[in-house]
Amino acid sequence: MAERSFVEEVKKLRLGEGEVFSGEGILAVTKALLESGVSYVAGYQGAPISHLMDVLADAQDILADHGIRFENSANEATAAATLAASVNYPLRGAVTFKSTVGTNVASDALANLASGGVTGGALVIVGEDYGDGSSIMQERSHAFAMKSQIWMLDPRPNLPSIVKAVKTGFELSEASRTPVMLQLRIRTCHVHGQFAASANRRAAFTLKEAQESPRRDVDRIVLPPASFAHEQEKVRERWPAAVEFIERHRLNEFFNDGAADVGVIVQGGLYNSLIRALQRLGLSDVFGNAKLPIYVLNVAYPLIGSELTRFCAGKRAVLVVEEGQPNFIEQNITTLLRQADVQTRVVGKGPLPMAGEYVTSVLIDGVRRFLAQHANGLVAAAQADGDVAELLPKPAAVAALDGLVQGRPPGFCTGCPERPIFTAMKLLEREIGEHHVSADIGCHLFSILPPFNFGNTTMGYGLGGAGASALNAPADKRVISVMGDGGFWHNGLTSGVANAVFNKSDNLTVVIDNDYTAATGGQDILSSGRKVRARSTFHPIERAVRGVGVTWAKTLTRTYDLEAMKAALREALTTTEKGPKVIVAQSECMLNKQRRVKPQFRKAVQDGKRVVRERFGVDPDTCTGDHACIRLSGCPSLVVKPNPDPLRLDPVTAVQDSCVGCGLCGEAAHAAVLCPSFYRVEIVNNPNRWDRLRERVRNAVIGALQRRGAKRLEAFAF
């Protein structure tokens, strides 16, 4: 159950020749694939291209109509290896995954593909997750493209440019017999716009034909001596073919040529931010009509020497707008210009920061510094001496909050079933002490932050178990590894659990099974507990770990049962039985559950049906202000408020309306266990006669007791 449905939007994918397509960048990519005659698509979800996988899943009927095979791959390496179909056959194929982590996982397959080359067009669509909004290590895909000689496209963030990049990407791949990488930043994925659609087309050569008429070319298989010839072929044949194609089809763009004797060379994906910066500096309008020349690198690799020479000739200096470090493009441009004996000054890092995302405020400052040194007359004196904050003023409401509102670290959602697992670990820690915890990528990584403070290291998706593999010396304490169900099926089963079995590791792996790959958007997986069209589900994780040799394994079907969680963890960490141990902790992702349940709840209420919703609350008169409930759960629905008792200074806990009634904060069935101040209520919509009668009786009894208590208090009054 993906976090967003595209069932309605995918209808636009049927638009024909000349019709206007309006929508999001992700949808435009899918439409371009259909118009390109693609034969197969595969991938693994991850920001910022998770929604591309969701669109493809919702568009399966349309893909099937055009004979396109779509695969939800087990991981990025599986997806990349799918492109093997394009090695010997004229089949166009595309794969997609998050970069750079996904590119790292897929590196073996991509390197082999780039070495042997392709016959059909092979497009690798990578979601470039770089910058302040990223959740991964800060690296770029550019280095991998250079290392393996894979051409890299970085289109301007508008729909016509995105569609053109997809189509020409296949053509470039076929012209140079080389896989092509299409880099999509988060702004590119989610930009909205329009383009003139073309007709969808089926592949001229089908998958069925490939299966029934096998082709084999030993020169395309990466074994000596062919592998040595591949390197020579890359630089002698494929590279020149790519350069010729890029130049002839004008994939890179020139704007405002001759406007000044300085210019800007910018990666295509940064074009919109650059224009916004120039606009704020008074050097461009919103349509890109700038007062200085701009050379847009829609192809970030390889660079085209003849185009660079033409753009830089006669200019005193050019600013290279390239995110990240090392500055590959800046160095490459400098080398090409000096080889052509063009002495234009190349400036990049210096006015612009060495590392970090080039958002508009950064570009304003960088462009202004560059122009102040090389073309001061282009910038008004007031702006040259001004502050970026003056050019991008904060809204009054935001400015008023500066210094008053503290930054809030990310955390588990309200009612998240993963929170009680770490609550149980925290409670158990008081009894048996601290343990080394090898963390993993996913929602559970929030446990490294307060209030839990678990997690000593994290090495990658599904590598929680592998990250603890060295720590298996004879000791009084076992190491705990954590991974999610998505990471487990990604590669954790082999690299973590099977590896522990093979090496006789005496550790504990906690697999959090929340029914989906929740961290990537709620996509279904092998262990999902629901029927999915065209996919096989209902495969228990415990059965899988026992299948590779684990003998001590337990499945808990309700993570909110703290006592059961504590007991299972205690047993796994203290048992005398040796060997790897696995606890599978199951409960559905609350975010996905609420997406499913809330519409059903609203419809039932509108239809006049009786619906009961549970909520928890805190009695402020009973609450001691200890706040153990917050320290042991960190639920966003738990807040503090002033104590109603004037004789007590400690603030009390309160439960906000966002509560979903999971019960963790009070660990309750009918009353609180952790603290007597918690109470449970049932909110009844469309109550029946029995509900109304019961409420009247309750009010009468409670009212009588309250009046009697008030009279007793009056007896002590003086």
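Quick notes on this structure:
- Per residue solvent-accessible surface (Å²) - segment 566-710, probe of 1.4 Å: 59 Å²
- Here segment 120-251 is treated as a Stokes sphere of Kirkwood radius computed over C-alpha pairs; at 37 °C and 0.692 mPa s its diffusion coefficient rounds to 193 µm²/s.
- Within the accessible surface of the chain, defined with a 1.4 Å probe on protein heavy atoms only, the carbon and sulfur portion equals 54 percent.
- Legend: residue pairs 609/641; 167/531; 598/641; 11/167, Cα-Cα distance threshold 24 Å; pairs beyond threshold, 609/641; 167/531; 598/641.
- Rounded to 5, the percent of DSSP beta bridges in the chain classed as antiparallel: 30 percent
- Contour minus Cα-Cα distance for residue 615 and residue 598 (0.36 nm per residue): 4.7 nm
- Taking θ as phi - 60° and the Karplus parameters 6.51, -1.76 and 1.60, the scalar couplings of segment 48-60 work out to x, 10, 4, 5, 5, 5, 5, 4, 4, 5, 6, 9, 4 Hz in sequence order, x denoting glycine and proline.
- Remark: C-alpha extents of the chain on the principal axes read 102, 68, 58 Å, sorted largest to smallest.
- Overall Cα dimensions of segment 506-606 - principal axes, largest extent first, Å: 57, 34, 20
- Value of [θ]222 nm, deg cm²/dmol, for the chain, DSSP H segments ≥ 4, -39500 (n - 2.57) each, nearest 500: -10000 deg cm²/dmol
- With the convex hull of the Cα atoms taken as the outline of segment 225-327, the averaged projected area works out to 8.1 nm².
- Taken about its Cα centre, the chain carries a charge dipole of about 1840 debye when Lys and Arg each add +1 at the Cβ and Asp and Glu each add -1 at the Cβ.
- Farthest toward positive dipole pole in the chain [+1 Lys/Arg, -1 Asp/Glu at C-beta], among 557, 23, 509: 557
- Using the 1.4 Å probe convention, the accessible area of segment 130-253 works out to 51 Å² per residue with neighbouring protein chains retained.
- For segment 20-122, the Rg and Dmax computed from alpha carbons only, in angstrom: 13.3, 40
- Whichever lysines have a C-alpha closer than 19 Å to that of residue 504, once near sequence neighbours (fewer than 8 apart) are set aside: 477, 554, 578, 581
The values are calculated or read from the model by the stated rules, or taken from the named source; none is laboratory data. Small disclaimer: the values here were computed from a predicted structure and weren't measured. So basically every Cβ, Gly included, is an ideal-geometry build from the backbone, and we count neighbours across all protein chains shown. We work out accessible area using only protein heavy atoms, side chains counted, and drop any ligands, DNA or RNA first. Shrake-Rupley method; radii C 1.70, N 1.55, O 1.52, S 1.80 Å.
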